[in-house]
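Right, one structure below, let's go through it.
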Amino acid sequence: MTRGRFKKALLILAICFIHSFTYAVLPPPSGLLCELLEKPELTTIYTGQPSYSWEVNSSLEEDYQTAFRILVSKDLTTLKNNRCDVWDSGKILSGQSLHIVHNGKTLEKGQTYYWKVKIWNKFNKESAWSSAQKIKTGSEFKPYFTETYPLQKSIDAAKRFLSKSNGIYFADFGKASFGRIKLKLDGVDTIDSVEVHLGEAVIGNDSINRNPGGSIRYRKIKFTTEKGKSEYMVNIPPDKRNTSGEAILIPDSIGEVMPFRYAEIHLPAKYKLTASSIKRITVTYPFNDNRYYFSSSDTLLNQVFELSKYSIKATSFLGKYVDGDRERIPYEADAYINQLSHYGVDKEFTIARATHEYLIKQPTWPTEWILQSVLIAWNDYLFTGNNESLKYYYQDLKNKTLYKIEREDGLISTKTGLVTDEILKSVYEKRIEDIVDWPPGERDGNEMNKVNTVINLFHYRAMHLMGKMAETTGNIQDTFFFFN
């Protein structure tokens, strides 16, 4: 082959190679979100102009979206036929795939809708349509609102079940979760007393530790049977410590819960309990167990990841991040850690935002925790790409930088008389006090001063991030202020 023919052959191969890329199958978009919700059909949205998001998929290296088309319809069959009766965006030249605001006929209140999307890539290759996503509008619309999911109940069977002597039964559910116990008793023809023990720790292999100490939970509950009734949901008496005051309450439709892994049932001898007769009703915020995974050659590290992942699922039982079962109150410091951890194990943004926005107006008193609200807000924006919350709570976040109590040297202190009633009101507080480690009597040798380094590190970070938030929300004058 001559040199000229060789070059021509290479050129033809290159053209064929590019041609094959151009006509490769482009997968449809996936991971649809409506108002940050991956499963909007589980709840309702409170706007007639929701935002739509999706994930772009391609097997081609460095491929990207160049255009999209959205269809919204009241009728699923119509949508499946690639037609719509609410909004056809047409082909829009844009690489944006996050928070595309509905720009068609305004959605009506109390209705069901379906939407889907297709995209074009850098070769102008058109994808197939995505799967349809169902959304339901609420009975009212609100200027700004963070939609969240209702709590979910799941049924857990015992991983290990033992029939002990004298009508005592022991069940191990494998993992602790916040839940209740449901029993099925056959042949109930008299009023009898039943004793239930629930706990997180055991003595030996088959007895619940009734005095575990610390924050490890244990409860003893008694109830009586009713003639002719076979199924019993064991009611857990509320603990005043975590079901009153500022505690986040569990919905009445769910019923009071507690964290436990083990159950011990004491029955009159005439009753026989089997493994299938005892269930745990676990309560969680919707969680996708299969969204993210981690695997390494280190078995212990794998176990740490699984434990951490499950902890996020198990402790989100109230729809907001709380301090576990102690007081069931949100704290900024806890929420900050929960937020970042949750982002790492599920594609879920609503519980973090809802907790953050709750804490805006129901904050806790530590100085640096108030400052952490700004950090949480910035994380929300980084991971969602949505600045609606920043815009709505902008002034509140600005106040929570505590810039108004800066001294001439730029440092802040709560001990220099600068904390006025007006400033307290601006951050929805009655007092502000440095905590750094823990309150007096619980500190690990930390020396507290009028000006504390930890506090000012958080203040510096909050001021810097507030400058970025000013920029992304269009508050240009504040950008210069916070960056300087």
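The values are calculated or read from the model by the stated rules, or taken from the named source; none is laboratory data. No experiment lies behind these values; they were computed from the predicted model shown. Positions of Cβ are backbone-derived with ideal geometry, glycine not excepted, and every protein chain shown enters the neighbour counts. Side chains included, ligands, DNA and RNA excluded: accessible areas come from the protein's heavy atoms. Shrake-Rupley method; radii C 1.70, N 1.55, O 1.52, S 1.80 Å.
Table for the structure above
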item: Residue within the stretch 161-173 that is in contact with a strand residue (DSSP E or B) (Cβ under 9 Å, 6 or more places away or on another chain), closer than 30 Å to E35 by Cβ and open to solvent by 20 Å² or more (accessible area, probe 1.4 Å) present; result: no
item: Among the residues listed as N338, N302, the single one being open to solvent by less than 50 Å² (accessible area, probe 1.4 Å) and free of Cβ contacts under 8 Å to residues at least 12 places away in the same chain; result: N302
item: Residue match in the stretch 121-139 (condition: among the polar types (S, T, N, Q), touching a Gly at 6+ places or on another chain (Cβ under 8 Å) and open to solvent by 50 Å² or more (accessible area, probe 1.4 Å)); result: yes
item: Listing of strands (runs of 3 or more DSSP E) fully contained in the stretch 49-144 that carry 2 or more residues being modelled with pLDDT of 95 or more, β-branched (V, I, T) and in contact with an Asp or Glu (Cβ under 9 Å, 6 or more places away or on another chain); result: 65-73, 112-121
item: Subset of the stretch 221-276 [out of contact with any strand residue (DSSP E or B) (no Cβ under 9 Å at 6 or more places or on another chain) and among the charged types (D, E, K, R)]; result: K227, K229, K240, R241, E246, D252, K270
item: Of all residues making up the stretch 62-111, the number that are among the hydroxyl-bearing types (S, T, Y), farther than 24 Å from E388 by Cβ and surrounded by fewer than 15 Cβ atoms within 10 Å (Cβ to Cβ); result: 2
item: Those residues of the stretch 306-320 which are closer than 11 Å to P286 by Cα and of a type outside the set (A, V, I, L, M, F, W, C), in sequence order; result: K313, S316, G319
item: Test: D239 is within 26 Å of S193 (Cβ to Cβ) and open to solvent by 10 Å² or more (accessible area, probe 1.4 Å); result: yes
item: Leading residue by the ranking (nearest to the chain's Cα centre (by Cα)) among those in the stretch 427-467 that are open to solvent by 70 Å² or more (accessible area, probe 1.4 Å), farther than 16 Å from S413 by Cα and not acidic (D, E); result: Y428
item: Residues satisfying the stated conditions in the stretch 70-82, i.e. in contact (Cβ under 8 Å) with a residue 12 or more places away in the chain and more than 18 Å from I135 (Cβ to Cβ); result: N82
item: Scope the stretch 346-388; condition open to solvent by 10 Å² or more (accessible area, probe 1.4 Å), charged (D, E, K, R) and more than 18 Å from the chain's Cα centre (by Cα); matching residues; result: K361
item: Hits in the stretch 389-425 (condition: charged (D, E, K, R) and either open to solvent by 10 Å² or more (accessible area, probe 1.4 Å) or assigned to a helix (DSSP H, G or I) (or both)); result: K391, D396, K398, K404, E406, R407, E408, D409, K415, D421, E422, K425
item: Yes/no for G187 being out of contact with any Leu (no Cβ under 9 Å at 6 or more places or on another chain), more than 20 Å from R280 (Cβ to Cβ), in contact (Cβ under 8 Å) with a residue 60 or more places away in the chain and not in a strand (DSSP E or B); result: yes
item: Residues that are touching a strand residue (DSSP E or B) at 6+ places or on another chain (Cβ under 8 Å) and of a type in the set (V, I, T), drawn from the stretch 383-423; result: I405, I412, T414
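Per-residue answers, yes or no, for (1) without any contact (Cβ under 8 Å) to a residue 24 or more places away in the chain; (2) open to solvent by less than 50 Å² (accessible area, probe 1.4 Å); (3) more than 25 Å from E327 (Cβ to Cβ); (4) among the charged types (D, E, K, R):
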{"residue": "I181", "(1), (2), (3), (4)": "no, yes, no, no"}
{"residue": "G199", "(1), (2), (3), (4)": "no, yes, no, no"}
{"residue": "I208", "(1), (2), (3), (4)": "no, yes, no, no"}
{"residue": "Y232", "(1), (2), (3), (4)": "no, yes, yes, no"}
{"residue": "S253", "(1), (2), (3), (4)": "yes, no, no, no"}
{"residue": "P268", "(1), (2), (3), (4)": "no, yes, yes, no"}
